[in-house]
Amino acid sequence: MKKLINGVDSVVPDALRGLAAAHPGLRVDVDNQIVMRASGPRPGKVGLVSGGGSGHEPLHAGFVGYGMLDAACPGEIFTSPVPDQMIAASEAVNGGAGVLHIVKNYTGDVLNFEMAAELCAEEGVEVASVLVDDDVAVQDSLYTAGRRGTGATLFVEKIAGAMAETGAPLAEVTRVAEAVDARSRSFGVALSACTTPAAGKPTFDLKDTEVELGIGIHGEPGRARSAMRGARELVHTAMDAIDEDMPVSGDNLVMVNGMGGTPLIELYVAFAEVSDYLAGKGARAARSLVGNYVTSLDMQGFSVTVCRLDDELTRLWDAPVETPGLRWGR
Amino acid sequence: MGAGDLDTAFFAAWIEEIARTVGVEKERLTRLDAAIGDADHGANLDRGFTAITQALAGTEPDTPGALLALVGSTLIRKVGGASGPLYGTAFREAGKCLGDASEVSATDLAAALQAALDGVQRLGSAAEGDKTMVDALAPAVRAMSRAAQEGKEPGEAIGAAASAALAGAEATVPMQARKGRASYLGPRSVGHEDPGAASTALVLVALRTVVTR
């Protein structure tokens, strides 16, 4: 394993020190692993708190700032944060209008955020939660932990964040966050596994001639393995899975997301195929995002997330945002 | 106090033995987790029990119940992932069940283990056969309750529970996961031991190690 780190145990705090040094707009509590806006809570504005394992950068800490999150709680690599972090973050960003927890649907994240929400309520902080579960590779049935939260998390954080900036009440911010999740679908493909610093070697073996279909964002294997194919075929596999679950139509917000180890030029190759695929269905990417946003350390691969837009969601997506990972219009 | 009843020092020794075993076995647990999960189970438990060792060095709970409750809340606060809340709840519920008794009989311990199992199932809503820690814990609870009902001393009851937990963990190999991150793999989760069941067996084997000293 070759990684640009000082030591396996200090990766997360060292990266947080870097985040703080690079972005004066953030207040970073390195010891307790909480990232907040330096400007503090705004009275009357709903506070948005998210969190999850580290290793998905820029998610979540890179999306703290105007128009998106008020605080993020990074856990250890691929491990959900703990309730203490979430409670401290929720109290710190509560401007009196309550706090929305944005939770990706993984057992660990769900359990820790549930415990945090209960304790927040006991301390008088009003908390609502939205569960992001956009990954169509997982069958949503009694026999799984339910669909995983992946790329749509960014959409939820951006659009709910824009709604919160308007001063909308907690119920409204929650409603729009749920609408984004309900209208979003994702599918991921890995060309290589990732290597966590703690494990020191790839989390699964993938030959040069193979791809892993239906991956999540934690280096876990997907639902099936298949022969390596060209970008067009891989994109079609992803888009067919999405289309089968929610037929694509009309105007969409589309993200081609890199898993961390894929060059941008390849992501644009993939986006061209996504765009053609949508055109073939009479749909289009009215808004788009191409880049590494919801990553899995050094994994090679990509995911596609499609969110069916309406006027409200389009307007909120276009609203100004100023975070380390996403910024426009301000 | 009955023959072989267990005191606070015994439970402190148990926690110390768990911390030691988790330290030794963390790579095996992480390897199991890499096969069907996200390769962090060993590191997480090791971090949690290291934190507990530190927490216990600073304070001396004076009953077994208070000690286990402290272990539980430390796990919830320090570990994260699914294992933090699940193990944390298990220890906390066991501690609450023991109340402020200073000595613990086989019957008390069986009740505490049942409370731990109930807490885990309430939180994670897993049933036996889902390929989770419940598959090791539930048979251990049954074995211990049976031994306690038969009037066995704690040492013997713990031995039965540890064997049942090991067999239960082993039995997760052919199962298809229906809860937790391994469930995303569907049929591909078959053929691997569940890391949570494996670590639960470790915890109960540590209990046996301490009682047979």
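We did not get these values from a lab; they are worked out from the coordinates using the rules stated. If you're wondering where the values come from, they're calculated on a predicted model, not measured in any experiment. Neighbour counts are summed over all protein chains in view; Cβ atoms, including those assigned to glycine, are modelled from backbone coordinates with ideal geometry.
Some notes on this structure:
- Placing a pseudo-label 7 Å from each Cα along the Cα-to-Cβ vector at B:Ser102 and B:Thr212 gives an inter-label distance of 3.1 nm.
- Average silhouette area of the protein assembly as shown, convex hull of alpha-carbon atoms, in square nanometres: 23.9
- For A:Ser54, nonlocal amide neighbours, meaning residues 5 or more places apart or on other chains whose placed amide H falls under 5 Å from its own, are A:Gly75, A:Glu76, A:Ile77, A:Phe78, A:Thr79.
- Along the axis of the charge dipole computed for segment B:8-211 (Cβ charges of +1 for Lys and Arg, -1 for Asp and Glu, origin at the Cα centre), the listed residues B:His41, B:Thr107, B:Leu67 are led at the positive end by B:His41.
- Ignoring lysines fewer than eight residues from B:Lys179 along the same chain, the ones with Cα atoms less than 19 angstrom from its Cα are A:Lys104, B:Lys131.
- Cα gyration tensor category, rounded, prolate or oblate, for segment A:184-308 with a/c compared to 1.5: prolate
- The gain in end-to-end length when the A:Arg232 to A:Ser10 segment is fully stretched comes to 75.9 nm, 0.36 nm per residue minus the alpha carbon separation.
- Computed over chain B: relative contact order in percent, which uses C-alpha pairs under 8 Å that are six or more apart: 22
- Close amide H partners of A:Leu48, meaning residues 5 or more places away or on another chain with modelled amide H under 5 Å apart, are A:Asp70, A:Ala71, A:Leu100.
- Applying the Karplus relation 6.51 cos²θ - 1.76 cosθ + 1.60 with θ = phi - 60° to segment A:40-51 yields 3J(HN,Hα) values of x, x, 9, x, x, 9, 5, x, 10, 10, 10, x Hz, where x marks Gly and Pro.
- In order along segment A:177-182, the phi-based Karplus estimate (6.51 cos²θ - 1.76 cosθ + 1.60, θ = phi - 60°) of 3J(HN,Hα) comes to 4, 5, 5, 4, 4, 5 Hz; Gly and Pro are listed as x.
- Around the amide H of A:Asp135, modelled in the peptide plane, lie the amide H atoms of A:Arg148, A:Thr150, A:Ser186, all under 5 Å away and 5 or more residues distant in sequence or on another chain.
- Label-to-label distance, A:Glu178 versus B:Glu16, with points set 7 angstrom from Cα along the beta-carbon direction: 5.2 nm.
- Farthest toward the positive end of the dipole of the protein assembly as shown, out of A:Ala92, B:Leu137, A:Leu16, is the Cα of A:Leu16, where the dipole comes from beta carbon charges about the Cα centre.
- Once the Cα atoms are used to define both axes, helix B:8-36 deviates from the longest principal axis of chain B by about 0 degrees.
- The value of relative contact order for chain A, using C-alpha pairs under 8 Å at least six residues apart, is 18 percent.
- The Cβ shell under 12 Å around A:Ala193 holds other residues with a net charge of -3, Lys and Arg each +1, Asp and Glu each -1.
- The alpha-carbon positions of segment B:105-213 define a convex hull whose volume is 78 Å³ per residue.
- The string of couplings for segment A:97-106 from the Karplus curve (6.51, -1.76, 1.60, θ = phi - 60°) is 9, x, 10, 9, 8, 9, 10, 7, 6, 10 Hz, one whole number per residue in order, with x for Gly and Pro.
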